[in-house]
Amino acid sequence: MKRFTKPGLSMLLGMYCALLAGEVVAEEPIDIGSRRELFVDRHLIGELEDAQLVLNRPRDMGSAVEFDAPWEGAFCGYCTIIKDGDTYRAYYRGLPQPRRDGSNSEVTCVAESTDGIAWTKPKLGLFEVDGSKENNVILANHAPFSHNFCPMLDTRDGVPADQRYKALAGTRKTGLVPFVSADGLSWKKLQDEPVITAGAFDSQNVPMWSESENQYVCYFRVFVDGIRRISRTTSKDFITWTEPVLMGYDGGPIEHLYTNQTSPYFRAPHIYVGIAARFFPGRRVLTPEQAKEVGVDPGYFNDCSDGVLITTRGGDQYSRTFPEGFVRPGIGLENWVSRTNYPALNVVQTGDDTMSFYVNQNYGQPTAHMRRYEVRLDGFASVRAPYTGGEMITKPLIFSGNQLDLNFATSAAGGIRVEIQDADGKPIPGFTLADSQELIGNEISRAASWKGSKDVSKLAGKPVRLKFVMKDADLYALQFAGGK
């Protein structure tokens, strides 16, 4: 039995009317150029037969940064990870005791790493905290901006050297104020006046430079009918921002998303990936006795949270392809308290074939820390076929490039064959299934071939479909390499 992607009602009505009129219904080809495309949504998927789009599980790699300094503590949060050349930095709020949002008890801290795995806390000497400058604090006594200070590395062409790093911070009372830095450590306000004023701003407000949209984008929290939702605004200069637009969802339920953590995926920056904190207010797991046993603050065990995968390709719609939890709370009562399991912003490469993201855990407890999770490159999700086999046919697409590279994994018994068809679904001579060499293995990048040849350049610029015939295999990503 075949399972098809679900077009919208308007599309179905249009197709039905065209058929009644005797018209040929043709899908507009998707121009993917030589971009890498991940199967985190149904953007390229036309038809699935006995195969499915699945969410993959990250590997828990243990604690990365302990929030154990006196100025850090149980209520550290709103973490951001930035990789700048060979240096990784983790930025986070330090807060030993619960206080109102935006108090001078909050500081902004940084940890550093050369590999994203082993982390240290530099003694920066920038601010005096608890009578000493021997600390890792980059912002102190700047209430309310240490509440949710969220930095970004500005990759825009021509950005001034002293503004390579930018940040937004503030609360509803102040609005979001812009900061800049040359090195990510010494910061100053770009201006005193807020640049974004319409929002809740009581969690992490996420700015980024979008290469694909050629503008700055900020995703931030708003409340709609009492539900924590996400709005988006854009800017050409980081100063003047557009009227915010509420983000909708292409599939998936509307749930409380406490943080959105949306950022361009570093290997395919036209795809924005968010590992959002999904919050369930009042969904209590621990009894008061259990809360006392794990040492959580009495005000922070009445709710629970996990991490979910959301994606967007720009505009005002997220794809919630997978409503299931991407980051499930771990074993142990300490993982089931309020405001724990909150993912940090950004995913970074930490190995030849792996990437990592980080999660704030054990919130409100003496054991608060940031934990590292690992995924294969491009491996958030995949098209999966069982041992009995399955197929996927893409929507019509146009590419530029010389060869088709695939990120895939099979079992020893499994394999993948690829057929290139014309836009009408007819196999193209020389690129049929019979011509295709079976791909067996587990590789981040291997070129498909037909009768020993990898060259697909003569099909570049023409509408085609790709048919994948798979057995006990996962397909994570594809890219037509060698294009201009």
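The values are calculated or read from the model by the stated rules, or taken from the named source; none is laboratory data. None of the values given here were measured: they were computed from a predicted structure. A quick note on method: Cβ atoms are made from the backbone with ideal geometry, for glycine too, and the neighbour counts reach across all protein chains shown. Protein only, heavy atoms only, side chains kept; ligands, DNA and RNA dropped before computing areas. Shrake-Rupley method; radii C 1.70, N 1.55, O 1.52, S 1.80 Å.
Could you please let me know if Thr312 is under 12 Å from the mean Cα position of the chain (by Cα) and among the polar types (S, T, N, Q)? Working first, answer last.
Details: under 12 Å from the mean Cα position of the chain (by Cα): yes; among the polar types (S, T, N, Q): yes.
Yes; evaluated as a whole, the condition is true for this residue.
Among all residue pairs at least 6 apart or on different chains, which show Cβ distances below 6 Å where the first residue, located in region 366-377, is under 21 Å from Val294 (Cβ atoms) and the second is open to solvent by 20 Å² or more (accessible area, probe 1.4 Å) and of a type in the set (D, E, K, R)?
His369/Glu66
Could you check region 410-431 and list, in sequence order, the residues that are open to solvent by 30 Å² or more (accessible area, probe 1.4 Å), of a type outside the set (S, T, N, Q) and not in a loop (DSSP other than H, G, I, E, B)?
If the condition is that a residue be open to solvent by 30 Å² or more (accessible area, probe 1.4 Å), of a type outside the set (S, T, N, Q) and not in a loop (DSSP other than H, G, I, E, B), then Ala412, Ala413, Arg417, Asp422, Pro427 are the ones that fit.
Considering only region 204-221, I want to know if a residue exists there that is more than 18 Å from the chain's Cα centre (by Cα) and within 26 Å of Leu95 (Cα to Cα).
The initial filter retains those residues of region 204-221 that are more than 18 Å from the chain's Cα centre (by Cα), namely 214-215.
If we keep only those that are within 26 Å of Leu95 (Cα to Cα) too, we end up with none.
Looking for residues that are more than 18 Å from the chain's Cα centre (by Cα) and within 26 Å of Leu95 (Cα to Cα), one finds none in region 204-221, hence no.
Quickly run through region 321-345 and pick out the residues that are in contact with a Pro (Cβ under 8 Å, 6 or more places away or on another chain), buried (at least 22 other Cβ atoms within 10 Å of the Cβ) and assigned to a loop (DSSP other than H, G, I, E, B).
Phe326, Trp336, Thr340, Asn341
Look at region 436-445 and say how many of its residues are surrounded by fewer than 18 Cβ atoms within 10 Å (Cβ to Cβ) and either in contact (Cβ under 8 Å) with a residue 40 or more places away in the chain or within 15 Å of Met392 (Cβ to Cβ) (or both).
The total comes to 1.
With respect to the numbered conditions (1) surrounded by fewer than 20 Cβ atoms within 10 Å (Cβ to Cβ); (2) in a strand (DSSP E or B), which one is the sole condition not fulfilled by Gly252?
(2)
Kindly evaluate Val180 against the criterion of being without any contact (Cβ under 8 Å) to a residue 24 or more places away in the chain and surrounded by 15 or more Cβ atoms within 10 Å (Cβ to Cβ).
yes
Pairs only if they're at least six apart or on different chains, beta carbon under 9 angstrom, first in region 396-408 and without any contact (Cβ under 8 Å) to a residue 24 or more places away in the chain, second crowded, with 20+ Cβ neighbours inside 10 Å; list them, first residue then second.
Nothing qualifies.
Out of (1) open to solvent by less than 50 Å² (accessible area, probe 1.4 Å); (2) closer than 23 Å to His369 by Cβ, the odd one out for Gly102 is which?
Just one mismatch for Gly102, condition (2).
Just give me the residues in region 418-435 being out of contact with any strand residue (DSSP E or B) (no Cβ under 7 Å at 6 or more places or on another chain) and within 12 Å of Leu397 (Cα to Cα), in sequence order.
Across region 418-435, the qualifying residue is only Asp424.
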